[in-house]
Amino acid sequence: MSRPLFGVGLREVHLSELCARPEVCELYEIITENVCFARGAKRERLRWLAERANMGLHGLSLNVCGHAELDEGFLRELRALADELGALYVSDHLSWTRHGARSTYDLLPTPFTEAALDHTAARVQHVQERLGRPLVLENVSTYVRFASDELSEAQFTRALLERTGARLLLDVNNLYVNATNHGFDAAEFLRQLPDESVAAVHVAGHERRATFCFDTHDRPVSEEVWALYRAAMRRFSAASTVVEWDSAIPPLSTLLAEVARARVEAQQ
Amino acid sequence: MSLPEHEALLAWILEGRPPAEQLLTPVDDLAERLETYRGGFSVRTFSALGSVFPRTARVLGEDWQLLGRRFAFSLAPAEPNLNLIGRALPAFLRDQGAPSLARALAALEWTAFELVHAERTSALDAAALATLDEGTRLALAPDQRRVSIDDAVLAAWPAPPREDSTQALLSTRSGEATLTPLSSVQARFLAVLDDAANVGGVIESAGLDAAQLGGVLAWAVDAAILVRR
């Protein structure tokens with residue numbers, strides 16, 4: 001990952017169009033769960049695409065901060081998929097997604113405590129052993145924090161990366177949302193990250209509500225987030241960039257326009 | 001408070017229990033912030049169902065909002081993968097007395113979803129077929145499924161009109177879920193594939209004459225749907 005690559009979060013609705021002209025992006029980030037157990041035509045198309053562009057794997061259900069037992073079968077499939085596609089990175093979220101036997105289908109906040117740090121670090125190391133590569137973890141948007149937090153998000157993230165050798169998928173939109181929602185300095189967060197710890201950067205849109213920001217990933221990147229992106233790329237110039245829309249997904253041309261802008265902003 | 005207790009606290013709150021203000025921050029607009037999490041579960045599950053069952057949703061119209069959301073809320077989702085939550089939807093629609101067309105489409109759409117995840121195995125070509133002995137076991141390729149259809153299903157899918165049988169071949173090989181109506185000869189041939197122990201058994205059980213057998217084998221080879229079991 002020495003040269004920054006620019007691409008999009010690959011969504012089903014764009015797959016055929018992208019297979020017709022895969023050269024429009026250097027990097028496609030696929031949702032792990034959408035393909036991990038796929039064996040047929042879908043997987044073949046992704047393999048075909050992987051021969052023509054770089055692929056990142058981006059999961060939602062690893063539950064790396066949670067307490068439910070890690071799914072060893074899923075980790076085996078994930079490693080096989082990463083090897084098969086020659087994935088540039090394997091990522092998931094710094095969150096928990098399961099309580100007991102019940103999945104939340106949401107990326108929920110972990111307490112920023114020393115105990116949570118120990119717990120998460122042990123799980124990240126276990127995952128990395130199973131995957132045979134560093135895990136890349138994304139900072140998630142949050143709307144509440146635990147009163148028992150002992151560390152800031154930056155301190156927790158930095159300590160986790162240093163302790164495990166994992167890398168960060170820095171979602172600058174999520175960082176902006178959290179800085180707004182919890183009243184911290186996003187620039188200071190960037191300064192506290194270890195050198196060369198960012199593997200990739202996400203840019204996305206959010207909705208500004210009366211008293212907080214709601215992470216929607218369903219609209220263009222705001223000017224405030226582009227400003228934070230420029231700051232992030234000055235610090236982590238080798239990081240790749242992914243434009244990510246999760247709902248109200250627009251035509252591919254809209255995403256490619258944001259990719260083009262990211263290329264320009266990354267040089268500022 | 002231990003880590004599992006933190007987890008339990010937030011999970012309970014998201015299930016509708018009153019927020020514990022002394023444990024979560026900020027407190028001024030806590031209820032509104034928690035609502036974003038509560039709303040998210042519903043939006044995500046309903047959206048995931050809609051992507052797997054688009055035809056069912058279209059046929060149900062406004063009732064999809066009701067039935068789909070009721071199903072989403074009825075889940076105690078053990079499945080970590082959100083894509084897989086629709087497995088029980090066809091049975092749920094049956095239990096809810098949904099129209100038969102919607103139930104049939106839901107069953108087919110879930111089967112199509114399973115086919116996307118099925119192994120792709122090399123199909124037998126004409127040369128390979130010619131060298132088979134009678135003891136060889138044949139099967140329909142794992143990414144294909146013989147299914148029952150009627151005119152309403154074919155119209156709603158949409159698919160070409162029915163032939164002289166109520167069977168069709170469901171496939172996702174092209175990247176889209178397609179239904180191809182089968183002739184009665186094709187349907188009979190594929191039906192015996194499921195049961196017959198070997199090639200000899202297929203020929204015997206299908207009850208086809210030489211011309212019919214030659215024709216159906218040529219079709220199956222051309223469609224690349226026959227594999228060794």
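The values are calculated or read from the model by the stated rules, or taken from the named source; none is laboratory data. A quick note: this is a predicted structure, and the numbers were derived from the prediction, not measured. Here the Cβ positions follow ideal geometry from the backbone for every residue, glycine too, while neighbour counts run over all protein chains shown. Note: accessible area is taken over every heavy atom of the protein model, side chains too, but ligands, DNA and RNA are not part of it. Shrake-Rupley method; radii C 1.70, N 1.55, O 1.52, S 1.80 Å.
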Completion exercise
region B:112-178 and region A:206-268 have their Cα centres apart by a whole-number Å value of 43 Å
Completion exercise
Residues hit by the 40 Å² burial cutoff in region B:1-47, accessible area with a 1.4 Å probe, assembly against chain on its own, are B:3, B:6, B:7, B:10, B:25, B:32, B:33, B:36, B:37, B:41, B:44
Exercise for the section: For region A:6-265, give the share of DSSP beta bridges that are antiparallel, in percent and rounded to the nearest 5; count only bridges with both residues there. Expected result: 15 percent
Completion exercise
In region B:76-91, the residues losing 30 Å² or more of accessible area (1.4 Å probe, heavy atoms of protein chains only) relative to their chain alone are B:77, B:78, B:80, B:81, B:83
Completion exercise
Mean shadow area (nm²) of the C-alpha convex hull around the protein assembly as shown is 25.1 nm²
Exercise for the section: Enter the mean projected area of the convex hull around the alpha-carbon atoms of chain A, in nm², rounded to one decimal. Expected result: 13.4 nm²
Exercise for the section: Can you work out the accessible area per residue across region A:45-146, with the rest of the protein chains kept in place, probe 1.4 Å, in square angstrom? Expected result: 33 Å²
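Going by accessible area, probe 1.4 Å, with all protein chains left in place, what is the ranking of A:216, B:25, largest first? The partial results should precede the final answer.
Numbers: A:216 20, B:25 55 Å².
Descending accessible area places them as B:25, A:216.
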Handout entry: Within the accessible area of the protein assembly as shown (1.4 Å probe), percent carbon and sulfur
Key = 52 percent
Completion exercise
Computed for A with B: buried accessible area summed over both chains, 1.4 Å probe, rounded to 100 Å², at 3800 Å²
Exercise for the section: Would you tally the net charge around residue B:158, using a Cβ to Cβ cut-off of less than 12 Å, leaving residue B:158 out, and scoring K and R as +1, D and E as -1? Expected result: 0
Handout entry: Per residue, in Å², the accessible surface of region B:3-116 once ligands and nucleic acids are set aside, probe 1.4 Å
Key = 46 Å²
Practice task
Go through region A:135-149 and flag every residue whose accessible area shrinks by 20 Å² or more with all protein chains in place compared to the isolated chain (probe 1.4 Å).
Solution key: A:143, A:144, A:145, A:146, A:147, A:148
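Please give the net charge around residue B:172, taking every other residue with its beta carbon less than 10 angstrom from that of residue B:172, where Lys and Arg add +1 and Asp and Glu add -1.
Numbers: positive: A:42, B:145, B:173; negative: B:114, B:143, B:176.
Charge balance in the 10 Å sphere: 0.
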Completion exercise
Semi-axes in Å, largest first, for region B:126-228 (Cα gyration tensor, √(5λ)) are 25, 15, 11
